[in-house]
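Since every read-out is calculated from the coordinates, none of them should be taken as a lab result. Here the structure is a predicted model, which means the values were calculated and not measured. A quick note on method: Cβ atoms are made from the backbone with ideal geometry, for glycine too, and the neighbour counts reach across all protein chains shown.
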């Protein structure tokens, strides 16, 4: 039997930048998801919170 990892990722749109996505990590092994997201060029903005922004045009106001 394969054991599961206790890491949860909640994705949401950034509250002030519609072209960005935030990821909030929880669980006793959240560091595993954290390492994966950082490797995929997500930026750490707070403990267990990362953001991925796509900036290739002006955002609508």
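Each peptide among 10-16, 37-43 gets the average number of other Cβ atoms lying within 10 Å of its residues, and from highest to lowest they stand as 37-43, 10-16. With the Kirkwood sum run over all distinct C-alpha pairs, the chain has a hydrodynamic radius of 12.5 Å. Kindly express, to the nearest 10 degrees and within the range 0 to 90, the angle between helix 30-39's C-alpha long axis and the longest C-alpha principal axis of the chain. Taking Cα atoms only, the helix is inclined about 50 degrees.
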